[in-house]
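Contents: one structure, followed by commentary.
Rule-based calculations on the coordinates, nothing more; no lab input. Quick caveat, the model's predicted, so the values are computed rather than measured. Counting neighbours? That spans all protein chains shown, and the Cβs are built from the backbone with ideal geometry, glycine included.
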Amino acid sequence: KVKSITPEFIDSRGYITRIIDQKEIPIRSILIITSKKLSKRAFHYHKKDFHFVYCLSGKMKYSEKDIRKKKVKWDEIILKTGELVLTKPMIAHKMEFIEDTVLLVFTTETRDQVSYERDTIRFPEDKI
């Protein structure tokens, strides 16, 4: 499910946009990820991590599927500037960038390399 995020307060100074405001999912890490047009990322799933992906600029094809279900096709969306998507644990996901893109990623697990690797299961681009 994609949520379109728009400013909720605008005046002569600028605007304020609430990207995430919820109590259910604790945020432990915030990342800025830049990606060049035609590059690919992710091709993995997480055992415990939830992460919100917010597109600051650009456009990408975001695909996901539940790895616990057999023979389920990938759900695909185009994530554009100002949109937010939530990736849950055990959901394989991949990102293919249509334009140069800047993302903010809000995660529930710490992102030091050791913790990240412990929680991440990678797969080849043509598998899953």
Exercise for review: For an R0 of 35 angstrom, estimate the FRET efficiency from the Cβ-Cβ distance between Ile20 and Arg118 and round to the nearest 0.05.
Suggested key: 0.90
Point to revise | Rough spin-label spacing in nm, given labels placed 7 Å along Cα→Cβ, for Lys70 and Leu56 | key: 4.4 nm
Exercise for review: Taking the Cα centre of region 44-91 as origin, sum charge times position over the Cβ atoms of Lys and Arg (+1) and Asp and Glu (-1), and report the length of that vector in debye to the nearest 20.
Suggested key: 320 debye
Check your understanding: When the Karplus curve 6.51 cos²θ - 1.76 cosθ + 1.60 is applied with θ = phi - 60°, which whole-Hz ³J(HN,Hα) does each residue of region 23-36 get, with x for Gly and Pro?
Key -> 10, 6, 10, x, 9, 10, 8, 10, 10, 10, 10, 10, 9, 7
Check your understanding: Ratio of the chain's C-alpha Rg to 2.2 N^0.38 Å, to two decimals?
Key -> 1.09
Check your understanding: Any idea how far the Cα center of region 1-35 sits from the one of region 53-128, in Å?
Key -> 18 Å
Review point. Say each of Leu104 and Lys48 gets a label point 7 Å from the Cα, pointing the same way as Cα to Cβ; how far apart are those two points in nm?
Key: 2.5 nm
Study note, to complete from the structure: Phi-derived 3J(HN,Hα) across region 84-94 with the Karplus relation (6.51, -1.76, 1.60, θ = phi - 60°), rounded Hz, x for Gly and Pro, is 10, 9, 10, 9, 9, x, 6, 10, 5, 9, 8
Review point. What does the highest-first list of 106-114, 80-88 look like by mean Cβ count within 10 Å?
Key: 80-88, 106-114
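How large is the helix-only mean residue ellipticity at 222 nm for the chain, computed as the sum of -39500 (n - 2.57) over DSSP H runs with n ≥ 4, divided by its residue count, in deg cm²/dmol to the nearest 500?
The per-residue figure over the chain is -1500 deg cm²/dmol.
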Exercise for review: Sort region 15-81 into rounded, prolate or oblate with this rule: let a ≥ b ≥ c be the square roots of the eigenvalues of the Cα gyration tensor; rounded if a/c is under 1.5, and if a/c is not under 1.5, prolate when a/b is larger than b/c, oblate otherwise.
Suggested key: oblate
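First check a/c for region 63-128, with a ≥ b ≥ c the square roots of the eigenvalues of its C-alpha gyration tensor; if it is under 1.5, answer rounded, and if not, answer prolate when a/b is larger than b/c or oblate otherwise.
The shape class here is oblate.
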